[in-house]
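Structure first, then comments.
The values are calculated or read from the model by the stated rules, or taken from the named source; none is laboratory data. Small disclaimer: the values here were computed from a predicted structure and weren't measured. Glycine also receives a Cβ, built like all others from the backbone with ideal geometry; neighbour counts cover every protein chain displayed. For accessibility, only protein heavy atoms count, side chains too; no ligands or nucleic acids. Shrake-Rupley method; radii C 1.70, N 1.55, O 1.52, S 1.80 Å.
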Amino acid sequence: MTQTILIVEDSQELAQLLSDYLGQAGFTTHCLYQGDTVIAWATKHQPDLILLDIMLPGKNGVEICREIRTISKVPIIMVTARVEEQDRLIGLDTGADDYICKPFSPREVVSRVKAVLRRVIDSNSDPDLLHLDAEKYQASINGNSLSLTVVEYNLLALLAESPGRVFSRSQLIERIYQDQRIVSDRTVDSHVKKLRKKISEVHDKELIHAVYSAGYKYEQS
């Protein structure tokens, strides 16, 4: 189950370089080269993190970051040639989670991406409640093991990585069934129903919530 990084960079060569390095690190990437296309794409696809250049055609990164922060808490790392302290502060004050100045090492970018994602997950989760073991596909709640199928584990892990974020059924299908098999919305609902039942056997509060006409989210009550 991979995490998606949106790369917003007007240099297609640099965007491809970052995409290659992030891909080698196990991430899925998508590149955009104009600022005025970012909000619509991010709203529809809900990436796990955005690498956002400041100087962009159409709309600059500061405007984009400010607008995204009104609708989403998705982690944002500003990537820019601006090196003045005031420029960095503007980016961070706008809501960016980190700031990288050009020129940079692509390996540094990968490390920063991983660090920000870890920080976000740690700040949004209660480690005493839910524990996930990705190598063994095992999950436990308050020390009580859940007997999950691989699909159920991947579903729980995906939702728990972004507490409060609503995933549509099509997004869940795309992220969980990466072998491109044909899966219906009804199948997703069935997996969610079974997962919620198993959670209810060891925990008295709902963790996976249905959002009417939108999808599902993980949220600790």
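Which of the residues belonging to the stretch 68-115 are within 15 Å of Leu18 (Cα to Cα), modelled with pLDDT under 85 and either of a type in the set (S, T, N, Q) or assigned to a loop (DSSP other than H, G, I, E, B) (or both)?
Listed by number, the residues that qualify are Thr80, Lys102, Pro103.
Which members of the stretch 199-221 meet the condition of being part of a helix (DSSP H, G or I) and within 13 Å of Leu156 (Cα to Cα)?
Answer for the stretch 199-221, where residues must be part of a helix (DSSP H, G or I) and within 13 Å of Leu156 (Cα to Cα): just Ile199.
Where residues in the stretch 100-114 are among the aliphatic types (A, V, I, L, M) and closer than 17 Å to Gln24 by Cβ, which of them is surrounded by the most Cβ atoms within 10 Å (Cβ to Cβ)?
Our first condition is that a residue be among the aliphatic types (A, V, I, L, M); within the stretch 100-114, this holds for 100, 109-110, 113.
Checking the rest, the ones that are also closer than 17 Å to Gln24 by Cβ come to 109-110, 113.
On the way: Val109: 22, Val110: 18, Val113: 24.
Taking the candidates together, the pick is Val113.
Somewhere in the stretch 150-158, is a residue in contact with a Leu (Cβ under 7 Å, 6 or more places away or on another chain) and farther than 25 Å from Ser72 by Cα?
For the stretch 150-158, residues in contact with a Leu (Cβ under 7 Å, 6 or more places away or on another chain) and farther than 25 Å from Ser72 by Cα: present.
Determine the pairs where a residue that is small (Gly, Ala, Ser), located within the stretch 1-16, has a partner that is open to solvent by less than 40 Å² (accessible area, probe 1.4 Å) with Cβ atoms under 6 Å apart, the partner being 6 or more residues away or on another chain.
As it stands, the answer is Ala15/Ile7; Ala15/Glu9; Ala15/Cys31, since those pairs meet every condition given.
Asp48: more than 24 Å from Glu161 (Cα to Cα) and acidic (Asp, Glu), yes or no?
Values: more than 24 Å from Glu161 (Cα to Cα): no; acidic (Asp, Glu): yes.
Here the answer is no, as Asp48 does not meet what is asked.
Could you grab me the full set of residues in the stretch 150-161 that are touching a helix residue (DSSP H, G or I) at 6+ places or on another chain (Cβ under 8 Å) and either under 9 Å from Ile176 (Cβ atoms) or open to solvent by 10 Å² or more (accessible area, probe 1.4 Å) (or both)?
Selection gives Val151, Asn154, Leu155, Leu158, Glu161.
Could you say whether any residue in the stretch 1-20 is within 30 Å of Ala134 (Cβ to Cβ), in contact with a Lys or Arg (Cβ under 7 Å, 6 or more places away or on another chain) and open to solvent by 70 Å² or more (accessible area, probe 1.4 Å)?
Checked against the condition, which is being within 30 Å of Ala134 (Cβ to Cβ), in contact with a Lys or Arg (Cβ under 7 Å, 6 or more places away or on another chain) and open to solvent by 70 Å² or more (accessible area, probe 1.4 Å), the stretch 1-20 yields at least one hit.
Quick test for you: out of Lys217, Lys198, pick the one residue that is of a type in the set (Lys, Arg), in contact (Cβ under 8 Å) with a residue 40 or more places away in the chain and closer than 22 Å to Pro75 by Cα.
Lys217
Search the stretch 1-44 for residues being among the hydroxyl-bearing types (Ser, Thr, Tyr) and in a helix (DSSP H, G or I), and hand back the single one that is modelled with the lowest pLDDT.
Thr43
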